[in-house]
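Below is one structure, written out as C-alpha cells, with a few remarks after it.
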Amino acid sequence: VGAVLSPVSSHDARAQEIVKFATVDCEGDIVDCPYYAYTEIFNQVLEAGTSGRYTLQVFPNSQLGDLESLTEQTARGIIQMTAGQNAGQLAGYYPSIQIVEMPYTFPSLEVGRAVMQGEFGQDLSDAVAEASGIRIISWLPSAFRSFANNVRPIKTPKDMEGLKIRVQPVPIHLAMVEALGASATPIAWGELYNALQTGVVDGQENAPYVILLGHLEEVQKFYTLDNHLLNMPLVFINEEFYQGLSEEDREVFDRAARLATYSMLGIIAAKETQDLKKIADAGVEIYSPTPEEFQQFVEATREPVRKVLEEKVDAEWFDKLDAAIKNAQAEIGGTN
Amino acid sequence: MLNVLEKTADILGWIASTMARLMLIFIAAILFLQVVLRYVFLFSLPWPEEAARYLMIWVVMLAGSLLIKDDQLVTVDFFDKLWPRRLLVARNVLFRVLLAGLLGVLFWQGIDLATFSANRTTVALQISWFWPYLAIPVGAGLMLFHMLVLALRDLLRGPPEHHEPTVLRAEI
Amino acid sequence: MDGSLLVIIGLLFGLLLLGSPVIFAIGFAGLAYFLVEPGMLSMLPIFAHKMFTGMDVFIWLSIPLFIMAGEIMTSIGMTDRLLGFSRLLVGSFRGGLAYVNVVGSMLFGGVSGSALADISALGPVEIEMMKKDGYRADFAAALTVSSAVQGPIIPPSIPFIIFSSLTQTSVAALFLAGAIPGILIGAALMAVVFVMTRLGNFPANPIGNLTFVKIVRIVLEAMWALLMPVIIIGGIVSGIFTATEAAAVAVAYAVLIGVVAYRNLTLRKFWAIVDRTARTSASIYLIVGFATIISWILANERVPSELGALIEGANLPVWALLLMINLFFLINGLWIGDSVQLLLFAPLFTPILAAMGVDPVHFGVIMVMNVMIGLLTPPYGLALYLGSAVSGESLGAIVRQSLPFLLACLFVLLLVTYIPAISLTLPRFFGFI
Ligand code: NA
Ligand code: NA
C-alpha cells in the first residue's frame, strides 16, 4: 500500500474545490493513525477521477473540534466530511440508527461487513441522510468490543456481578451492562486511564485497538472476548454537498469511499491479531468464551436491550437487519 | 425612561443571579452525589455528567450578563491615565457599540443554533438540543440589554468615574 | 500567514492596548475573521457553535467547584489560621513576616487554584502585618504578588485543568507534577528573602507567650485547611474519585468545616459565595468560549500544521526549542492573560514537542509556570494590578520591588524546563504516566 501513497496536495489551484475532511485522529502514520490510509486513498481517487477539480484537505488531531462538534459542522456544511464518528453521534438525529449498536447481533466480522456494505447499509444511510443532512459514505466495521477488568476473569455473566464498568452514557450500553449484573459507570474518556489505575472503576468495554490507543492494557488484568458490539467507525459527508455534485463526480466520491474503506479495513484486519498479542504481552489475561458461555451473554442481554431499543427504533429495521444477516451468513457460509 | 430601564435591568439581574446560583449549587450537589453513590452504593446515574455540563453553560451565560450589568469585565487600564478624558468617553462609546454588535451576532446565531438542533436529542438526558443551546441566545440577549442600558446611562449622565482599576471590580 | 490572520492578531492586540474588555477583544477579533476572510461569512454559524462546544467540557466543571471551595475556605476564616500556622513555623526567623508571606501562599496553594484569589484573600492581611512590622509597603506588595504565583502550580490548579482538557493529558498527573515545582518556587522566594535579611534590616516576628496549649490550638485550627490537599490528592490517588469529582468533594469538605468545625458558614454567606463563584467562573468560561473560536480559526487557516512543519524544518535541538518556547510565552505574557495563552498555544505546541520526546505533562508544567510568571510582568500583569489595588502602592514601585523575586521564579522555570525529573518523578511514582 505504501508505494501508492503521496502526500495530500495542498497547493492552491483556483478552479480547485477543497473538500474539508476533519478527524480527531492523527495524520502521517499509516499504522497508528486510523484515517491516514483512508484520506490518502480517497484523495488520490478523487483527484484522479475529477482531473484535480476536487481535492481533500485534512484537519487532523481535533483541530476543528471533537466528534460531537465535527458531526454538527458536517450537518451544517461548514466542513464537508468527517471520520471516526460512531452511530451514537447520529442517534440524536435519527434514533433508528441505534439498531447497529444492538449487542450480540453480528455473529462475525465478515457478516458485519457484508451487511453494512450491502443493501442494508445503503438503506440506513439514505434514511439517516434524509433526517440529518449527513450521509454515511463509509461504514467501517472494524473490530468487536469486549469487556476488560481488573478484578477477575469473566467467563459468564455471573462473573460480572458487582463490577463497576465504565460505559458511555448511551441508553443501550447502560441497559446491556446492567443486564449483565454490573454497575454501569459513566467516566469521561480523558479520565478513564487514571480511573482504572486508581480503581474508581474496575473495567471498561472496548475493541483491542481502542484499548491500545488509550494504553488501557497497562491498567487492566483480564480481557474476555465476548464480542458484544461491533465497533463501526463512520465517515460522514454533508448531504447537500453530496447531492449537489454532478452525477459523474458523485460516482467518483462513491468510488473513492469504497476504495478507501477497502484499504483501511485491510490494514485494520492485519493489525487485529497483533493488537491482541500486544495486549497479552502487557500482561493481560485474554479469555475466549465457549459457545455455551457466549450463549449465556446473549440470553442475559437480549430482552432488556431489545426493550430499550424498541422504544427508539422503527420495527421495520429489526426485520431488515435479521434478513440481511441471514443473507450474508448464507453467502459467506456459516458463522465464524 | 432610564429609570424604568434600570429597574428592569435590576429585576433581570436578580432573576439571572438567582437562577445561576441555584444551578451552580445543583451542579456541585449532583457531582458530589455521584461520588457518594458510586463509592458507597456501587451505583452511578447516567445523566449527572451531561446535566452538569449544560447547566454550567447556562450559569456562564446568565452570570456573564451580571458581569456586564455591574461593569465587571477586566480591561487593561494601564494606559488609561494617558488618555484625555474627552477621548476616553468617545472610546468607551465605541467599545460599547462594538460589543453590542458582537452580542447581536451571538444572539442571532444562538437562536439559529438552538432551532437548527431542536429535533436532535442529547446522548444521556435524551432532551432536545434546543435547551442546552438556548443558553447562548438568552445570555447574549441579556448581555445586549444590559450593554444598551449602560450605553444610555453614559450618554445621559456621563460615564461614572472609576478611580480603581477594573481588576478590583472584576471577578476573576 | 495571510492577510486575514494579520487582521485578527492586529485587532486582538489593538483592542487590548486601547483598553477594551479582554473578553471582547478576543471575541471581536474572532468575529472579524468571518467578515474579512472571503467566503467565511456563510460559515458564521460556527461562531456560536464553537463558543458553546468550547465551554462544554466535563473536566472544566472542576474550575467553578475549586473556586467555590476556595471562596468558602476564605470566607470562614481559613486564611487567618493558615497565616497563624505559617507564623508559628517561620515567624521567629529574621525576616519572619516575609517568610510567613511565602509559606502562607504555599499552604493556601493547596486550597486554591488561582493566583488572583491568593492575592485578594491573603494579600490585605499580609501587607498590613508587614507594614506594621516596619517593612516597606511596596516590598510587602511585591512579595505578596510574587508568592501568589506558586498557588496554581501547587495542586489544585485552574491552569492545569485548562491545559489538561486541551491536550488530553491527565489532570491527576499534572496536579502531581506541579507539586514539587510549586514548592521550589516558594523555596526560591524564601532564598531571596534570606539574602535580603542579610543585606537589610528585617525584624523577626515570633508569636508572643507561646505555650504548648497555644501551639496545639494553632496547629489544630489550621489542620482543617492543611487536610484539604491531602484529601484531594489522596482521594484521586486511591481511586475514590476522579480529578474532576475531587473539586465537588472539596466543596463538600469546605462546607463541612464551615458548618461543623468552625460553625460560621451561614446560609447568607454561602449565597453570596455562590454568586461570586458564578461570576468568576463566567469570566473564565467566556474567555474560554471566545478563545476556542480563535483556535478554530487558526486550525482552519492550517496554522498548527504549518507551524509544525516550520519547527520540524528548523531542526532545532530540543533544548533550544524549549528555550525559544519559554521566551515566546514570557513575551506573550506581557500582553495576553494566562488562560488565553493556554487556550491558544497549548494545543499548538504540545503535539509538536511530544513528537520530539518532551512528555506532555512536563510541558504542561513548563507552560503553566510561564503563564503564571506572565501575571507578574507589565503592562498586562493582572497580579500586579491586584497587588497595587490591595496595597494602594503604585504599579511601578511594585514592579521594581518584585524584580529579584521575578528572577528567582525564572531561575526555577529554567530548572524545571531542563530537569524533567523535578516535575515527572511524582506522577511516575504513583503510576499516572
Ligand atoms: Na493550588
Ligand atoms: Na503571599
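The values are calculated or read from the model by the stated rules, or taken from the named source; none is laboratory data. Everything quoted here is computed from the prediction, not taken from an experiment. All Cβ positions, glycine included, derive from the backbone under ideal geometry; neighbour counts span all protein chains shown. The protein model used for the area step is the full one, side chains on, heavy atoms only, and it has no ligands, DNA or RNA in it. Shrake-Rupley method; radii C 1.70, N 1.55, O 1.52, S 1.80 Å.
Observations on the structure shown:
- Descending by average beta-carbon neighbour count within 10 Å, the peptides C:48-58, C:140-150, C:355-365 line up as C:140-150, C:48-58, C:355-365, the highest first.
- Dipole orientation for region B:2-171: of the candidates B:Ser65, B:Gly104, B:Ser44, B:Gly104 has the Cα lying most toward the positive pole (charges on Cβ; Lys, Arg +1; Asp, Glu -1).
- Span from the region C:20-89 Cα centroid across to the region B:22-87 one, whole angstrom: 8 Å
- Rolling a 1.4 angstrom probe over the protein heavy atoms with all chains in place gives region B:2-171 an accessible area of 45 Å² per residue.
- Under 5 Å between amide hydrogens, built in the peptide plane, is the criterion, and for A:Thr185 it picks out A:Ile165, A:Arg166, A:Val167 among residues at least 5 positions away or on other chains.
- Taking all protein chains into account, the per residue accessible area for chain A stands at 40 Å² (1.4 Å probe).
- Using alpha-carbon coordinates, inclination of helix A:291-312 to the longest axis of chain A, degrees: 60 degrees
- Judged by a Cβ-Cβ distance under 4.7 Å, the unpaired cysteines of the protein assembly as shown are C:Cys409.
- Between C and A, buried accessible area from a 1.4 angstrom probe totals roughly 2100 Å², ignoring ligands, DNA and RNA.
- In the B-A interface, the accessible area buried, summed over both sides, Å² (probe 1.4 Å): 1700 Å²
- Accessible surface of region C:44-429, 1.4 Å probe, proportion on carbon and sulfur as whole %: 69 percent
- What the phi angles of region C:125-136 give under the Karplus curve with 6.51, -1.76 and 1.60, with θ = phi - 60°, is a coupling list of 5, 4, 5, 4, 4, 5, 4, 4, 8, x, 6, 5 Hz, glycine and proline written as x.
- Equivalent ellipsoid, region A:153-249 (semi-axes from 5 times Cα gyration tensor eigenvalues, Å): 34, 16, 13
- Look at the stretch B:51-59: the mean tally of other chain Cβ atoms within 10 Å of its residues' Cβ atoms is 5.
- Solvent exposure of chain C as accessible area per residue, Å², 1.4 Å probe: 33 Å²
- Shielding value for B:101-107 is 4, the average number of Cβ atoms from other chains within 10 Å of each residue's Cβ.
- Chains B and C together bury roughly 5700 Å² of accessible surface, counting both sides and using a 1.4 Å probe on protein heavy atoms.
- Spin-label model, A:Ser288 to A:Arg152: label points 7 Å out along the Cα-to-beta-carbon direction sit 2.5 nm apart.
- Estimated D of the protein assembly as shown in µm² per second, where Rh is the Kirkwood radius over Cα pairs and Stokes-Einstein applies at 37 °C, 0.692 mPa s: 112 µm²/s
- Principal semi-axes of the equivalent ellipsoid, √(5λ) from the alpha carbon gyration tensor of region C:45-165, are 34, 14, 11 Å from largest down.
- Chain A, accessible surface, carbon-and-sulfur percent (1.4 angstrom probe): 49 percent
- In chain C, a dipole from Cβ-located charges (positive for Lys and Arg, negative for Asp and Glu) runs towards its positive end, and of C:Trp319, C:Val36, C:Asn209 it is C:Asn209 whose Cα lies farthest in that direction.
- Taking the protein heavy atoms of region B:2-171 in the context of the full set of protein chains, the accessible area attributed to carbon and sulfur is 72 percent at 1.4 Å.
- Between C:Ile76, C:Val57, C:Pro347, the Cα set farthest toward the positive side of the dipole of chain C (charges on each charged residue's Cβ, about the Cα centre) is that of C:Ile76.
- Check: the protein assembly as shown dipole with +1 on Lys, Arg Cβ and -1 on Asp, Glu Cβ, in debye: 3800 debye
- Share of Cα-Cα pairs in region B:2-171 lying beyond 19 Å, as whole percent: 65 percent
- Inter-chain Cβ neighbour average for residues C:54-62, partner chain, 10 Å: 6
- For A:Lys221, the lysines whose Cα falls under 25 Å of its own Cα, not counting residues fewer than eight places away in the same chain, are A:Lys155, A:Lys158, A:Lys164, A:Lys271, A:Lys277, A:Lys278.
- Rounded to the nearest 10 degrees, the angle from helix C:22-36 to the longest Cα principal axis of chain C is 0 degrees.
- With the Kirkwood sum run over all distinct C-alpha pairs, region C:363-428 has a hydrodynamic radius of 13.0 Å.
- The calculated Kirkwood hydrodynamic radius for region C:105-246 is 16.8 Å, given to one decimal from all distinct C-alpha pairs.
- Cα-centre dipole for region C:157-306 with unit charges at Cβ (Lys and Arg positive, Asp and Glu negative), debye to 20: 620 debye
- In terms of its Cα atoms, region A:28-146 spans 41, 30, 27 Å along the principal axes, sorted from long to short.
- Taken over chain C, the alpha-carbon convex hull comes to 144 cubic angstrom per residue.
- Each residue of region B:31-107 gets 121 Å³ once the volume of the Cα convex hull is shared out per residue.
- Helical runs assigned H by DSSP (4 residues or longer) give the protein assembly as shown a calculated mean residue ellipticity at 222 nm of -21500 deg cm²/dmol, each run adding -39500 (n - 2.57) before division by the residue total.
- For region C:1-30, a decrease in accessible area of 20 Å² or greater in the assembled protein chains relative to the isolated chain, with a 1.4 Å probe, applies to C:Leu15, C:Leu16, C:Leu17, C:Leu18, C:Gly19, C:Ser20, C:Pro21, C:Val22, C:Ile23, C:Phe24, C:Phe28.
- Amide hydrogen neighbours beyond the local backbone of A:Val19, cut-off 5 Å, H modeled: A:Thr55, A:Leu56, A:Gln57
- Cα-centre dipole for chain A with unit charges at Cβ (Lys and Arg positive, Asp and Glu negative), debye to 20: 440 debye
- Alpha-carbon Rg with Dmax, taken over region A:254-320, Å: 18.4, 45
- Taken one residue at a time, the phi angles of region A:45-56 give Karplus couplings (6.51, -1.76, 1.60, θ = phi - 60°) of 5, 5, 5, 5, x, 10, 6, x, 6, 10, 9, 8 Hz. Gly and Pro are set to x.
- Each residue of region A:28-34 was assigned a 3J(HN,Hα) from its phi angle through the Karplus curve 6.51 cos²θ - 1.76 cosθ + 1.60 (θ = phi - 60°); the sequence is x, 10, 5, 8, 7, 9, x Hz, with glycine and proline shown as x.
- Annotation: lysines with alpha-carbon distance below 28 angstrom to B:Lys69 (same-chain offsets under eight excluded): B:Lys7, B:Lys81, C:Lys50, C:Lys269.
- Each part gets one Cα centre, and for region C:325-399 versus region C:179-227 those centres are 27 Å apart.
- Relative contact order of chain A, pairs being alpha-carbon contacts under 8 Å that are 6 or more residues apart, as %: 24 percent
- Values of log10 I(q)/I(0) for chain A across q = 0.15, 0.16 Å⁻¹ run -1.33, -1.48, by the Debye formula with one identical scatterer at each alpha carbon and no solvent.
- Taking a Cβ cut-off of under 13 Å around A:Glu40, the surrounding Lys, Arg, Asp and Glu residues balance to a net charge of -3, with basic ones at +1 and acidic ones at -1.
- For the pair A:Thr273 and A:Ser246, a Förster radius of 51 Å applied to the C-beta separation gives a FRET efficiency near 0.75, rounded to the nearest 0.05.
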